[in-house]
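The values are calculated or read from the model by the stated rules, or taken from the named source; none is laboratory data. None of these values were measured; they are calculated from a predicted model. Positions of Cβ are backbone-derived with ideal geometry, glycine not excepted, and every protein chain shown enters the neighbour counts.
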Amino acid sequence: MAGRWVVPRSRFVPDIDFMQCQVFLCAAPCRGGKPLCGTRGAQRVGEEEHAPARMYIRNKENIGKGEKYMKEKLAQIKAEALKQIEASEQLDKLNEIRVNYLGKKGQLTAVLKSMKEVAPEDRPKVGQMVNETREEIEKLLEASKRKMERALREAKMKAEVIDVTLPAKKNSVGHRHPNTIALEEVERIFVGMGYEVVEGPEIEKDYYNFEALNIPDGHPAKDEQDTFYITGDILLRTQTSSTQVHEMEKGKLPIRMIAPGRVFRSDEVDATHSPSFHQIEGLVIDKNITFSDLKGTLAEFARELFGDKTKVKFRPHHFPFTEPSAEMDVSCFKCGGSGCRFCKGSGWIEILGCGMVHPHVFEMSGINPEEYTGFAFGVGLERIALLKYEIDDMRLLYENDIRFLRQF
Ligand code: DAH
């Protein structure tokens, strides 16, 4: 045939005689790949100028020609992509190429969209070719990306050479607070004797802090422990003794516990006072607990804390929730009891309050004082830290100056 019949796509109608027209559409390159249009009806054009393009041919002989065209077109797309990939030097550029060829509006997708112009018999093969081309371009992109990343990594490593002979940066390491060291020591001693470590609330009901400890409204002991009130009935606890009540109310006997924690009082700050400090409460309840148990336990505690030679002395005292009550002194671990500046010449240092649990306290918490007895004690944690580390001003413990803390 000397020429081709070209029919503008918009004019293509199925009743045209397929057997006579070999080609209905032209995607001649001279029109930028667009079908020759604007011509009404079929048009004959020179063979050399207008190669057959998207073919919609029912004529059996021509089956396969659309596939051939597509094959060429895809090869051309692939070759162009390869050229661009090889020329690109940056990851961004590769991304651009990916979008341009494989993206939603990319060239390969456009080819897929034009499938409807391919003879139905050719479509599966052409579809497969498009997919293969996509895979190949993807592979090329991936390989190029990996190559670029490797080069970048190598360049970075070269730039970041470490000089191992440089002096190391000094890490500043924190330090345990003397209070913490003292608390851990006390806990170690009592846990070793089979005690449990428990905690109680810092915000407390008047009942737990005073009433249930035998300090009713109007009792002078309440005046001694003035505190911060949240409401008339809720306050910041003044003593860890309130934990005794919580533990007794649980109804699980026997009890052998220590309860460390923060307490509050409306005190002015000075070398020996602070509005917030710490105590460790102790409580033992069982059948047949006597004052000897109290003495033996606390003497052992003192020896472990201050040294083997430490002696203890119990002086009668008054606490509303214990009867009898006492204060315990330890022999001065500085002078051994002969008297020095540390123990103010007396040879003894006051260390804690203690006593046998008051029967009324038992009753209020639902424990039968005929059946059970017990002892309790309360130690000031700061007092132990100050004594043990020979610190003469309590305020130093709250400043958190690392130069001070580092010494312990
Ligand atoms: N809670 C008392 C206080 O803050 C200390 C104390 C004394 C606790 C005697 C006790 C005890 O358990 O038996 O002054």
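With (1) within 20 Å of residue 353 (Cα to Cα); (2) at pLDDT 95 or above; (3) crowded, with 17+ Cβ neighbours inside 10 Å as the list, and residue 236 as the residue in question, which single condition is left unmet?
Every condition holds for residue 236 apart from (1).
Just to be sure before I move on: is residue 383 surrounded by fewer than 20 Cβ atoms within 10 Å (Cβ to Cβ) and more than 16 Å from the ligand (Cβ to nearest atom) in the structure I sent?
It is false that residue 383 is surrounded by fewer than 20 Cβ atoms within 10 Å (Cβ to Cβ) and more than 16 Å from the ligand (Cβ to nearest atom).
What residue, among those in the range 114-145 that are without any contact (Cβ under 8 Å) to a residue 24 or more places away in the chain and surrounded by 13 or more Cβ atoms within 10 Å (Cβ to Cβ), is nearest to residue 91 (Cα to Cα)?
Among those that are without any contact (Cβ under 8 Å) to a residue 24 or more places away in the chain and surrounded by 13 or more Cβ atoms within 10 Å (Cβ to Cβ), it is 127.
From the list 281, 247, 268, 300, exactly one residue is over 37 Å from the mean Cα position of the chain (by Cα) and surrounded by 14 or more Cβ atoms within 10 Å (Cβ to Cβ). Which is it?
Answer to the selection: 300.
Can you tell me which of (1) away from the ligand (no atom under 16 Å from the Cβ); (2) surrounded by 12 or more Cβ atoms within 10 Å (Cβ to Cβ); (3) at pLDDT below 95 is the one residue 221 doesn't meet?
(1)
Quick check on this structure: which one of 369, 320 is surrounded by fewer than 21 Cβ atoms within 10 Å (Cβ to Cβ) and either more than 12 Å from the ligand (Cβ to nearest atom) or over 21 Å from residue 277 (Cβ atoms) (or both)?
Testing whether each residue is surrounded by fewer than 21 Cβ atoms within 10 Å (Cβ to Cβ) and either more than 12 Å from the ligand (Cβ to nearest atom) or over 21 Å from residue 277 (Cβ atoms) (or both) leaves just 369.
Being closer than 23 Å to residue 329 by Cβ, free of Cβ contacts under 8 Å to residues at least 60 places away in the same chain and within 14 Å of the ligand (Cβ to nearest atom) is the filter here, so list the residues in the range 268-298 that pass it.
295
What is the number of the single condition among (1) closer than 22 Å to residue 384 by Cα; (2) part of a strand (DSSP E or B); (3) out of contact with any Leu (no Cβ under 6 Å at 6 or more places or on another chain) that residue 267 does not meet?
(2)
Does the range 276-295 contain at least one residue that is out of contact with any His (no Cβ under 6 Å at 6 or more places or on another chain) and modelled with pLDDT under 95?
no
The conditions are (1) under 33 Å from the mean Cα position of the chain (by Cα); (2) within 30 Å of residue 293 (Cβ to Cβ); (3) without any contact (Cβ under 8 Å) to a residue 12 or more places away in the chain, and residue 200 fails exactly one of them. Which is it?
Against the list (1) under 33 Å from the mean Cα position of the chain (by Cα); (2) within 30 Å of residue 293 (Cβ to Cβ); (3) without any contact (Cβ under 8 Å) to a residue 12 or more places away in the chain, residue 200 comes up short only on (3).
When residue 160 is evaluated against the numbered criteria (1) surrounded by 10 or more Cβ atoms within 10 Å (Cβ to Cβ); (2) over 19 Å from residue 320 (Cβ atoms); (3) more than 14 Å from the ligand (Cβ to nearest atom), which criterion, by number, is the only one it fails?
(1)
Is it true that residue 401 is away from the ligand (no atom under 16 Å from the Cβ), free of Cβ contacts under 8 Å to residues at least 60 places away in the same chain and among the charged types (D, E, K, R)?
yes
Read through the list (1) aliphatic (A, V, I, L, M); (2) part of a strand (DSSP E or B); (3) touching a residue at least 60 places away in the same chain (Cβ under 8 Å), then give the number of the only condition that residue 235 fails.
Checking residue 235 against (1) aliphatic (A, V, I, L, M); (2) part of a strand (DSSP E or B); (3) touching a residue at least 60 places away in the same chain (Cβ under 8 Å), the one that fails is (3).
Would you confirm whether or not the range 338-353 contains a residue that is closer than 28 Å to residue 398 by Cβ, more than 16 Å from the ligand (Cβ to nearest atom) and among the basic types (Lys, Arg)?
yes
Consider the range 354-366. How many of its residues are within 16 Å of the ligand (Cβ to nearest atom) and either small (Gly, Ala, Ser) or buried (at least 19 other Cβ atoms within 10 Å of the Cβ) (or both)?
Adding up the residues that qualify gives 8.
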